[in-house]
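The values are calculated or read from the model by the stated rules, or taken from the named source; none is laboratory data. Because the structure is predicted, anything quoted here is derived from the model rather than measured. Counting neighbours? That spans all protein chains shown, and the Cβs are built from the backbone with ideal geometry, glycine included.
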Amino acid sequence: MNQDTIAVIGTGSWGTALSIVLADNGYKVKQWGRSKETIEEINQKHTNEKYIKNVELPVNIIGHSDLRETLEGVKTIILAVPTKAMREVLAKIQEVQQGSLTVVHVSKGVEPDSLLRISEIIEDAMKPENLEEIVVLSGPSHAEEVSLRHPTTVVAASKDIEASKMVQSLFMNSYFRVYTNTDIVGVEIGGALKNIIALAAGVGDGLGYGDNAKAALITRGLVEISRLGVKMGANPLTFSGLSGIGDLIVTCTSVHSRNWRAGNMLGKGMNLDEVLDNMGMVVEGVRTTKAAKQLAAEYGVSMPITDALYDILFNSVDAREAVDQLMQRNKTHEMEDLVVLLGDALEEE
């Protein structure tokens with residue numbers, strides 16, 4: 001049994017689920033969080049009921065509220081905090097970190113205004129001497145199911161394939177399968193932008209639309225994601241994989257998806273503030289919609305689903321009206337998009 005120590009930064013649902021995977025693999029897991037009540041619950045009751053209900057945590061998960069203590073003797077950290085908290089947490093890590101770290105981030109988003117992906121935020125916020133490698137772990141993976149040890153498959157992506165393989169070995173077991181990839185741009189963009197399409201899918205369900213609408217939304221949503229991703233330097237094939245169509249399907253069709261649930265409330269007539277108050281958790285797709293709208297303008301990419309959702313979220317456009325406008329856009333040919341995507345990819349090569 002491997003006794004290496006891994007730090008998981010974040011005590012939310014995904015950080016806790018991944019802590020379970022690592023603990024099952026024989027690692028000592030130091031899980032850091034802000035809430036002393038949550039840390040006490042992890043250590044005393046071996047549960048985290050706020051985020052993962054009715055699951056007993058392995059005893060080799062130890063909760064910590066002191067970040068310096070958490071990072072002591074650790075060479076790899078799992079960064080499981082919302083995008084909006086990323087810079088604040090990284091600044092705290094910089095204050096106490098000694099030596100270099102491999103950072104495995106599991107968040108899905110793009111920072112508005114700066115338009116940086118998560119790996120770029122990490123590079124921007126950390127000193128080079130404190131940063132060994134960056135790996136993104138992404139794919140169709142609801143925390144609720146991972147915590148129950150249900151079969152799940154994800155991808156570890158890094159510019160350095162050896163770093164991807166290291167993370168693959170770290171997490172892989174009988175119920176958690178990990179593939180490797182070097183297309184960190186594609187994996188991050190797929191993971192971030194699928195939340196926009198999941199919000200839109202929830203809106204459609206809230207309006208009472210059926211399977212036809214959802215199938216079209218997922219398919220055309222994948223085109224939008226791929227269109228922007230390829231312009232940003234991603235391999236188009238990545239979007240046919242786990243962090244593309246895989247993550248898109250699970251997030252658009254499952255009641256576990258907080259983005260789908262938020263969109264569902266919007267479709268039923270709630271405004272954005274009411275939805276966010278009701279959710280009580282971060283809905284990454286809201287923030288990412290704003291960033292994607294800016295990215296589309298910067299790269300000159302057409303993203304009609306994103307535009308429609310942006311209008312619902314930030315311009316108070318009625319959801320049904322936004323869908324009607326989406327359906328009545330100018331006629332086009334389906335294959336044109338695919339030819340453009342393949343052409344851009346071939347030009348990059």
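Against the condition surrounded by fewer than 19 Cβ atoms within 10 Å (Cβ to Cβ), within 21 Å of V154 (Cα to Cα) and in contact with a Phe, Trp or Tyr (Cβ under 8 Å, 6 or more places away or on another chain), how does T219 come out, does it pass? For T219, the condition - surrounded by fewer than 19 Cβ atoms within 10 Å (Cβ to Cβ), within 21 Å of V154 (Cα to Cα) and in contact with a Phe, Trp or Tyr (Cβ under 8 Å, 6 or more places away or on another chain) - is not met. Residues of region 122-138 that are over 16 Å from E284 (Cα atoms) and either touching a helix residue (DSSP H, G or I) at 6+ places or on another chain (Cβ under 7 Å) or among the aliphatic types (A, V, I, L, M) (or both): I122, A125, M126, K127, N130, L131, E133, I134, V135, V136, L137. Total residues in region 81-117 satisfying the condition of being more than 13 Å from the chain's Cα centre (by Cα), surrounded by fewer than 18 Cβ atoms within 10 Å (Cβ to Cβ) and more than 16 Å from I134 (Cα to Cα): the figure is 10. Here G190 fits the description: crowded, with 17+ Cβ neighbours inside 10 Å, touching a Phe, Trp or Tyr at 6+ places or on another chain (Cβ under 6 Å) and modelled with pLDDT of 95 or more. Answer yes or no as to whether L199 is surrounded by 18 or more Cβ atoms within 10 Å (Cβ to Cβ), in contact (Cβ under 8 Å) with a residue 40 or more places away in the chain, touching a Ser or Thr at 6+ places or on another chain (Cβ under 8 Å) and not assigned by TED's automatic domain parsing to the domain that holds I118. It is true that L199 is surrounded by 18 or more Cβ atoms within 10 Å (Cβ to Cβ), in contact (Cβ under 8 Å) with a residue 40 or more places away in the chain, touching a Ser or Thr at 6+ places or on another chain (Cβ under 8 Å) and not assigned by TED's automatic domain parsing to the domain that holds I118.
Against the definition (surrounded by fewer than 20 Cβ atoms within 10 Å (Cβ to Cβ), of a type in the set (A, V, I, L, M, F, W, C) and under 29 Å from E133 (Cα atoms)), how does V29 come out, yes or no?
Numbers: surrounded by fewer than 20 Cβ atoms within 10 Å (Cβ to Cβ): no; of a type in the set (A, V, I, L, M, F, W, C): yes; under 29 Å from E133 (Cα atoms): yes.
Criteria not met by V29.
In this structure, is G269 modelled with pLDDT under 95, part of a loop (DSSP other than H, G, I, E, B), out of contact with any Lys or Arg (no Cβ under 7 Å at 6 or more places or on another chain) and outside the structural domain of V178 (by TED's automatic domain parsing)? Considered against the rule, which asks whether it is modelled with pLDDT under 95, part of a loop (DSSP other than H, G, I, E, B), out of contact with any Lys or Arg (no Cβ under 7 Å at 6 or more places or on another chain) and outside the structural domain of V178 (by TED's automatic domain parsing), G269 comes out as yes.
Within region 247-265, the set of residues being part of a loop (DSSP other than H, G, I, E, B) and touching a helix residue (DSSP H, G or I) at 6+ places or on another chain (Cβ under 6 Å) comprises H256, S257.
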